[in-house]
Amino acid sequence: MHKMQLGWVSALAWLSLIMATEIAARQPPRCIMYLTGQHPVVPSIDLLEHVTHVALAFMSPALFNEPGRRQWPLFMTVADVRAAFPEGTKVMIAIGGWGDTNGFSVAALTDETRRTFAENVARMVEATGADGVDVDWEYPGGNGEDYKEVPNSAKSWEIEAYPLLLAQLRAALGPQKLISAAVPGLERDMLAFTRTTVPRIMRHLDFLNVMTYDLMNRRDTVTKHHTGIELSLGAVDAYVANGAAPQRINLGFAFYSKYFRTEHEACSRLASPLGCPTLLLEDPVTGADLGRSGGFSWHDPVPEDVAASFAKALDQGIYDEDRGGYYYWDEEEDIWWTFDTADAIGRKFPLVLEKRRLGGVFAWGLGEDAPMFEHLTALNESLAQHKAKTRKDEL
Ligand SMILES: *[C@@H]1O[C@H](CO)[C@@H](O)[C@H](O)[C@H]1NC(C)=O
């Protein structure tokens, strides 16, 4: 009798697990667009059909450390954003961003500071009418913009404090509001995302935006694909290995190009310019930019000094089938270009999203692709195909 009851209980548990997995698989993919103060441009509605969330970037974390604050300035109101997107699109406020980390460090320090921060965030969400927040702390535990001024050893306490801050946020916002986090794509920066912390982090979050771009930056010394397939798989796999469910991970797309000046001899000797040495890109003492690399969105004017080279990159670039990434090495000017074309975007669906059964995508950022929106068009098309495919798999 006892045994039979147990059998029933476990059969029921299995059944509900299978059903939960099925429901998760049937959920349409998330598609989050960061809408930035630099480029607050929204395309026509026929490009927004698959967009599920908008994250307004950014509010500064420092705002939330002042007890009793009431003003929450932003470049656009939540109501105006809602009016520009299909009904039902979730609107989130992204807090932080590259270089704006001090407010998070102050917030995370003690029980009391964490509570002040979380309560202010909750009041901001209430006041603005947003559906939730995206926590963009780059990065807890160190390796942020100030990594040469403040050593990581001075931030190691943040590794434990980060999940505690998220827990406090969840307590203040309640179970209905959305909380996501933008997290690093390079393992060298995943200081706060370990086997012990990731399960604790995921307990409080709805989903993770894994920043699978800027995977080559000026701290690198050899050329790489900044938003390539192989490196993206590495990023996603690291979070899964540490305990994040693939369904709760979103893959990041970059609506901008990047370039890096390289050596000449070493790069021309190799069969492929991938993995060849760059010039020194940042000051080894201060971490300052030496002006030998850069990036610009599809909405920005092309910097004059690289305009001719960029034109060649658009025209003569190559897709690297091995590592997965569109690139061009300008052997006259010794410039390495790395960015996603519309074709490169499409390839990421079978090779990353579907292969790893991820729950969605996101892009930095929507207006960065204006006025042509060629990359968003590619993403829209891939999402439509992906949905059709997923529906067919179910039949
Ligand atoms: C976006 O995809 C949908 C199909 O899901 C399509 O109807 C729509 O025309 C696409 N938008 C553009 C601008 O291509």
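The values are calculated or read from the model by the stated rules, or taken from the named source; none is laboratory data. Computed from a prediction, not measured in an experiment: that's the story for all the values here. Note that we place each Cβ from the backbone using ideal geometry, even for glycine, and neighbour counts take in every protein chain shown. Each accessible area value is taken on the protein alone, full model and side chains, heavy atoms only, with ligands, DNA and RNA left out. Shrake-Rupley method; radii C 1.70, N 1.55, O 1.52, S 1.80 Å.
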Residue, least open to solvent (accessible area, probe 1.4 Å), within the range 210-243, restricted to residues that are closer than 17 Å to Tyr139 by Cα, in contact with an Asp or Glu (Cβ under 7 Å, 6 or more places away or on another chain) and not in a helix (DSSP H, G or I): Arg219
Filtered residues of the range 37-51 (kept if surrounded by fewer than 18 Cβ atoms within 10 Å (Cβ to Cβ), near the ligand (Cβ under 8 Å from one of its atoms) and not hydrophobic (A, V, I, L, M, F, W, C)): Ser44, Asp46, Glu49
Matching residues, the range 265-322, being open to solvent by less than 80 Å² (accessible area, probe 1.4 Å) and basic (Lys, Arg): Lys312
Name the pairs: first residue in the range 42-62 and part of a strand (DSSP E or B), second residue open to solvent by less than 30 Å² (accessible area, probe 1.4 Å) and within 16 Å of the ligand (Cβ to nearest atom), Cβ to Cβ under 8 Å, at least 6 apart or on different chains? His53/Cys31; His53/Met33; His53/Thr89; Val54/Met33; Val54/Phe85; Val54/Thr89; Val54/Leu366; Ala55/Met33
Among the residues of the range 365-395 satisfying the criterion of being open to solvent by 50 Å² or more (accessible area, probe 1.4 Å) and away from the ligand (no atom under 14 Å from the Cβ), which is farthest from Tyr326 (Cα to Cα)? Leu395
